[in-house]
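Here's the structure we're looking at; comments come further down.
We did not get these values from a lab; they are worked out from the coordinates using the rules stated. These numbers come from a predicted model, not from an experiment. Cβ coordinates were reconstructed from backbone atoms using ideal geometry, including for glycine residues, and neighbour counts include every protein chain displayed.
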Amino acid sequence: MTALEVPRNSLSQRLTAGSRRFFRWLTRPQVVLSLLLIVIMFYMVIIPLYKLVQTTVTWQLVDVSRVEGAEEGELTLYHWTRMMTGIFGKIYTFTPLQHSLTVATGTVFLAMFIGGALAWLVVRTDMPGRKLINQLAVLPYIMPSWTLAQAWLVLFKNRTQGGSPGLFEFILGQSPPDWLSYGPVPIIICVALHYYTFFFLFVSAALMSIDSNLEEAGELMGAKRWRILRKITLPLVLPALLSGFIMTFSKALGTFGTPNILGSPVRYYVLSTMMRGSLAAGDKADAFVLGIVLILFSIVTISLNQKLIGTRRSYETIGGRGFVATPSKLRDWKKAIFVIVVIFQLAIVVIPIALLTYNTFLLRSGDFSFDNLTLQNWIGEANPDYNDGQPGVLLNPRIWKTAWNSIRLALLTALFSGLLGVLLGYSIVKGRGTRLSKLVEQMAYLPYVIPGIALGAVYIAMFSKPLGPIPSLYGTFALLVLVSIADKLPYSSRSGVSAMMQVGHELEEAAQIAGANVWQRFRRIIFPLTTAGFVSGFLLTFITVMRELSLIILLVNRDTQVLASQTMWYVENNLDQMANIVILILIFITVTGNLIIGRFRGGSLQKGLGSR
Amino acid sequence: MDTTIRIINLTKKFGKVVALDHVSLVIEPGTFLTLLGPSGCGKTTLLRCVAGLEDPDGGEIFIGDKLIFSFDKGISLPPSQRELGLVFQNYALWPHMKVDKNITFALEIQKMSKDEMKKRVKESLKEVQMEGYEDRYPREMSGGQQQRIALARMLAYRPKIFLMDEPLSNLDARLRMDMRSEIKRLHHIAGATTIYVTHDQVEALTMSTNIAVMKEGVVQQFDPPDQVYHYPANLFVADFIGNPKVNLLEGEIDAQDLVDLGHINIKVNTYNASGKVVVGVRPEDIIVSTTPIPGAHEFAAYSVLPSGADSTIIARQKDIELTIRVMGISKIKMDEKIWVAFDPSTLNLYHKDSGNLITS
């Protein structure tokens, strides 16, 4: 059919038409929302990152008295040269970096072994009690990450650093060697036992989606079991292993609690603990240099791994439908392996909690005899003879305030993150294919590459002074909420997108045709249909914020202390029993939360993490 | 109200892909127009542009005298102001609302009274023969029932124009048959101008008053079904419509009324044409006999496929293969000699190069 000739319009007519079209584009809900979210995320992520870099290349107030010719606010490479060269660079940057990399690498391999082996046993074998193991396997992740470190000290503390001995010495009368009490070995073990959950979840999901016909085909062709595992199964779970690798490595790289408990007493500093030290000493710019180093390493790992995953992704959907899962027979090993797994699970969950609990009843540290048991740490009145005059944890009004802070922080973060997630999901899915949608998605993803402790540092840099319409937030509770929301952005956006994908654009379009305006569409169609995702995301965020330490440790003060940072305060003041009580309270809250999640259909920790 | 839909030079691009390329159509009131074509031909895009769910990159759309879209004037009325109803391929019933709520959603927005709404729900459910299903959730119904509810939802707010986007493609063959007659009936009663998108030629031929066959964003032919079937405007339409497929025989016009197919010549009506042509003949228009008849060509039955009401015979002579359709169960045996003849009035001639129908 031939085109009809349309008379050309005058310039002014075309201008009005153009501006009408632009206005219509601008008032599309996904465009308005995208622009709004971009502004919000710009404030929450981009400006802080910029401030972080800017601080490291300008003279700070503390430098003025220390360095001749320093002019506050002027550009300088002083901090970078100081942190990157000479003995100073070695002590403050390169040794901690080396330690961080050692810890992260060790953690990844140990976690991969534990998580991978457990996943295989649970998904692919006829081991008894697989359901139980499946439930237990995620417990260490639900507990605060430094729980195991504290339990480790209860057991293996030695007196080289002064203070009281651990249970090991109490029973055997001999001090455990330094390498067993402190430093990289216990740090790696404790961090790995917390983060192996990533590998466990990713690998079991991958194994579940592999058709065991593929393996049987190999078997029919006469391949030995080990060969099948190596040549068929392993390549198929490789993408899952790589995802686990990124998650674990970047988390371990920025982890704070465990290295602070098990490393700092013997001056085994990693980047995160060194950053905190520099900040405490008032050298903000120096700390931020370390933060940038941390971020850079995180980015390198993630992009490297994504490149690898990118080429392997095609494996992921193999046999997605109608697959057959025939368990491998463990034969004579069945019982032995089951016993080993159960003992392992006990060793990493039950025993640590038991040790911590027992420890909380000790009047004097290091004396594990029964006549030393007391309730003083829990409900004792303040007594200058014990615990530096601190009252029992449950009687301490400050702890109640701290607990309230924790709950408030977790609730607010979960609420805002959930809401933000739905809006992000809507903007990204509705605008799919446009540059705006991509930009929103990428911005929301950005905090993923920033380790928690560095993000915390970023927020000190940003809100220490008023910025645009935002007042100075330094030291406020709002800052903690803000940084927690920023940290959860990637997760919120992912879960929002997956929730929105399930809604399907026709459902909204049908409402649009029926005459519903934007608000009616959100209120009556989109919000009700995304509730399930919202609730499970809400609870998951609640739990993870509850036991988050690295992120907020640099930002809390007396008034904004939360339970997680309170444990560190007790630890650093040698009040281990009281720290352990607070840890137990935290475990109680998070485990209860996870049980509630389990009640919601489709909202388990497994699913929540799997979608990331 | 005048519900003539005038689409003028409508163009829509997705990135570099041109989904609609200067499409112009005038759809008279009461028409049942089917947009027919293979996937990716732009038929759904055209429907969505009329509905207001997509913003075209050029052209104009009028409903009656009302300009609902103009690129050059920068006008695009929102879907709600276009007074039309849309039925989606996957029904798009709101899963968290019961049937009655699904139906009253639009009515509530119009702030209709409770009694009136109740009446409308009853009426529209009756029209689709789903009385008594008010309290069901969509997931508690079969696909066919859900599609009826989707129709009822559209009927309830009495739009001036019905739009349907492959509404039957998710149903099984039997249900599809039933729903075809239902939808045709609904259109007959309501008399609303209807645009119906499908890739199923049988649906198009059985239901429409007009068919627009589309390919690569361009309307190939816009005619009533019999016209589209008997006089396809070009080789694409000829090939796309009809089952079994049309026979397309390449040849050259040698005398005024003979086409040389290589081994055989067939007589055609006189055309002012010359050179290379393609002869199109529907399988049921070929005359076949087991005994020699004058002017017929001898073929061999390569394969015989009886299917009850009719039989398909594949006949061959050297490199010429014909698909022939005869009524009833054919007695012809495989490899048997048969004689085929053509009725010049049933043959369509196409230019080989342009592919367009040669009209006399």
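Listed by Cβ neighbour count within 10 Å, with the fewest neighbours leading, B:Y231, A:Y448 appear as B:Y231, A:Y448. Its Cα gyration tensor gives the range B:283-360 an equivalent ellipsoid; the semi-axes, largest first and in whole Å, are 24, 14, 13. Sites listed here are trypsin sites (Lys or Arg not before Pro) in the range B:52-82 whose DSSP assignment is loop and whose Cβ has at most 16 other Cβ atoms within 10 Å: B:K73.
Using all pairs of distinct alpha-carbon atoms, the Kirkwood hydrodynamic radius of the protein assembly as shown works out to 34.1 angstrom. Mind jotting down the distance between the C-alpha centroids of the range A:433-473 and the range A:352-399, whole Å? The distance from the Cα centre of the range A:352-399 to that of the range A:433-473 comes to 41 Å. Dividing the convex hull volume of the alpha-carbon atoms in the range A:11-168 by its residue count gives 311 Å³ per residue.
When all alpha-carbon pairs of the range B:189-341 are counted, what percent fall beyond 29 Å? Value for the range B:189-341: 29 percent of Cα pairs lie more than 29 Å apart. Neighbour counting of Cβ atoms within 10 Å sorts the residues B:F342, A:F463, fewest neighbours leading, into B:F342, A:F463. For the range B:284-296, 3J(HN,Hα) computed residue by residue from phi via the Karplus equation (6.51, -1.76, 1.60; θ = phi - 60°) reads 7, 8, 8, 8, 10, 8, 8, 10, x, 10, x, x, 8 Hz, glycine and proline entered as x. The phi-based Karplus calculation (6.51 cos²θ - 1.76 cosθ + 1.60; θ = phi - 60°) puts the 3J(HN,Hα) values of the range A:438-449 at 4, 4, 4, 4, 5, 5, 5, 7, 3, x, 4, 8 Hz, whole numbers, x for Gly and Pro.
Only Lys, Arg, Asp and Glu carry charge here, each on its Cβ (+1 for the first two, -1 for the last two); on that basis the range B:212-304 has a dipole of about 120 debye about its Cα centre. At an R0 of 22 angstrom, the distance between the Cβ atoms of A:L467 and A:V67 translates into a FRET efficiency of 0.20.
Counting only lysines at least 8 places from A:K335 when in the same chain, those with an alpha carbon closer than 27 Å to its own are A:K131, A:K224.
Count Lys and Arg as plus one, Asp and Glu as minus one, and take only other residues whose Cβ is under 15 Å from that of A:V67; the net charge is then -4. Counting Cβ atoms of other protein chains within 10 Å of each Cβ in B:22-35 and taking the mean gives 1.
Using the alpha-carbon centroid of each, what span in Å lies between the range A:138-182 and the range B:118-181? Answer, in whole Å: 69.
By the count of neighbouring beta-carbon atoms within 10 Å, fewest first, B:I338, B:I8 end up ordered B:I8, B:I338. For chain B, averaging the sequence separation of C-alpha pairs within contact (under 8 Å, six or more residues apart) and dividing by the residue count gives a relative contact order of 15 percent. Across the range A:239-256, computed HN-Hα scalar couplings (Karplus, 6.51 cos²θ - 1.76 cosθ + 1.60, θ = phi - 60°) run x, 5, 4, 5, 4, x, 4, 4, 4, 5, 4, 6, 5, 5, 4, x, 5, 10 Hz from first to last residue, x flagging Gly and Pro. Take each residue of peptide A:516-525, count the partner chain Cβ atoms within 10 Å of its Cβ, and average: the result is 2.
Centre-to-centre, using Cα atoms only, the range B:334-360 and the range A:226-263 are separated by 69 Å.
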